[in-house]
Amino acid sequence: MAQESPKNSAAEIPVTSNGEVEDLHEHGFSRDLKCSLPAGLGLSETQITSHGFDSTKEGVIEAGPFQGDQRTQQKSGPVILADETKNPAMEKLELVRKWSLNTYKCTRQIISEKLGRGSRTVDLELEAQIDILRENKKKYENILKLAQTLSSQLFQMIHTQRQLGDAFADLSLKSLELHEEFGYNADTQKLLAKNGETLLGAINFFIASVNTLVSKTIEDTLMTVKQYESVRIEYDAYRTDLEELNLGPRDANTLPKIEQSQHLFQAHKEKYDKIRNDVSIKLKFLEENKVKVLHNQLVLFHNAITAYFAGNQKQLEQTLKQFHIKLKTPGVDAPSWLEEQ
């Protein structure tokens with residue numbers, strides 16, 4: 001018995017020679033077609049051209065423009081998703097990974113330098129200037145320590161002289177037979193105390209200026225030097241990586257690594273060159289500022305000490321005026337800054 005050839009529903013639709021559907025099934029076919037089309041697309045906007053089932057040409061459905069929901073007009077094909085915002089946790093994980101890798105490279109470079117196995121980049125002129133700066137900083141700190149000791153001792157001496165002068169003045173009033181002798185000593189001690197306050201003002205001004213130079217100006221330059229040394233280690237670490245890769249084989253696997261290493265090395269080289277230039281400029285300006293500050297402060301210290309021990313009160317006061325140092329105005333009842341200490 002002959003088997004019926006399987007046919008789909010489209011093949012069972014009777015079609016006339018001109019491609020029109022027979023009237024008998026027109027209503028049912030239109031209903032099925034409405035169900036198969038996307039929502040919002042009317043049959044009035046659709047033109048169906050059909051050929052015979054055995055024809056080599058396929059049926060064509062031509063749709064006119066439709067202004068409805070755009071989601072119904074998406075064409076088939078690969079789906080492209082818009083880039084979403086990166087996960088903050090993944091970004092932090094990537095930062096930690098890069099930091100860990102950089103720390104490992106720098107630690108390995110430091111250890112290899114200490115063991116004498118690795119090479120390091122050295123700027124002989126710059127390194128010599130940095131060594132001199134560090135040595136001078138220690139010497140200036142020692143001068144500050146000694147000057148502060150002198151200031152403290154001078155303050156105690158002035159305080160004792162003032163008390164001694166008051167005691168002489170009191171005895172001058174109560175001992176008539178030694179009135180003049182006690183009076184001379186009282187005036188002398190008070191004058192020494194006054195001149196001591198003037199000298200103490202000069203010494204404290206010297207201490208403040210040198211302390212600013214050491215703790216701020218020089219320290220700021222040394223902070224830049226520390227950054228320079230850190231960047232230098234990074235630069236040498238990535239330079240060593242690149243040298244090791246260049247000594248190895250060159251194939252499809254190693255070439256991308258060499259290219260990436262070259263890129264990282266160039267970036268760290270530019271960073272190293274920049275901060276090295278910054279250190280050179282800061283050292284130059286620091287040297288100029290240091291000479292100017294120390295010149296003025298050493299002249300002040302010398303002139304004040306000389307005038308004080310020579311008993312030249314006028315020259316001592318003139319020295320303070322030259323450097324715009326203000327002390328307590330005579331005759332003011334308010335306690336002096338020495339007494340407040």
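General remarks:
- Enumeration of residues in segment 102-118 that are surrounded by 13 or more Cβ atoms within 10 Å (Cβ to Cβ) and either touching a strand residue (DSSP E or B) at 6+ places or on another chain (Cβ under 7 Å) or hydroxyl-bearing (Ser, Thr, Tyr) (or both): Ser112
- Any hit, segment 269-277, residues being out of contact with any His (no Cβ under 8 Å at 6 or more places or on another chain), touching a residue at least 24 places away in the same chain (Cβ under 8 Å) and within 30 Å of Gln148 (Cβ to Cβ): no
- Matching residues, segment 289-321, being closer than 16 Å to Ala208 by Cα, open to solvent by less than 40 Å² (accessible area, probe 1.4 Å) and either at pLDDT 90 or above or among the β-branched types (Val, Ile, Thr) (or both): Lys290, Val293, Leu294, Gln297, Leu300, Ala304
- Unmet requirement for Ala147, which otherwise passes all of (1) open to solvent by less than 50 Å² (accessible area, probe 1.4 Å); (2) without any contact (Cβ under 8 Å) to a residue 60 or more places away in the chain: (2)
- Within segment 222-254, being buried (at least 18 other Cβ atoms within 10 Å of the Cβ) and among the hydroxyl-bearing types (Ser, Thr, Tyr) holds for Tyr228, Tyr235, Tyr238, Thr240.
- First in segment 119-142 and closer than 18 Å to Asp220 by Cβ, second anywhere and assigned to a helix (DSSP H, G or I) and aromatic (Phe, Trp, Tyr), Cβ under 9 Å, 6 or more apart: Leu126/Tyr228; Ile130/Tyr228
- Some residue of segment 322-335 being buried (at least 16 other Cβ atoms within 10 Å of the Cβ), within 28 Å of Thr217 (Cβ to Cβ) and either of a type in the set (Phe, Trp, Tyr) or at pLDDT 90 or above (or both): yes
- Verdict on Lys194 being over 30 Å from Arg276 (Cα atoms), basic (Lys, Arg), assigned to a helix (DSSP H, G or I) and at pLDDT 95 or above: no
The values are calculated or read from the model by the stated rules, or taken from the named source; none is laboratory data. Here the structure is a predicted model, which is why all the values come from computation and not from measurement. A quick note on method: Cβ atoms are made from the backbone with ideal geometry, for glycine too, and the neighbour counts reach across all protein chains shown. In case anyone asks, the SASA skips ligands and DNA or RNA and just uses the protein heavy atoms, side chains included. Shrake-Rupley method; radii C 1.70, N 1.55, O 1.52, S 1.80 Å.
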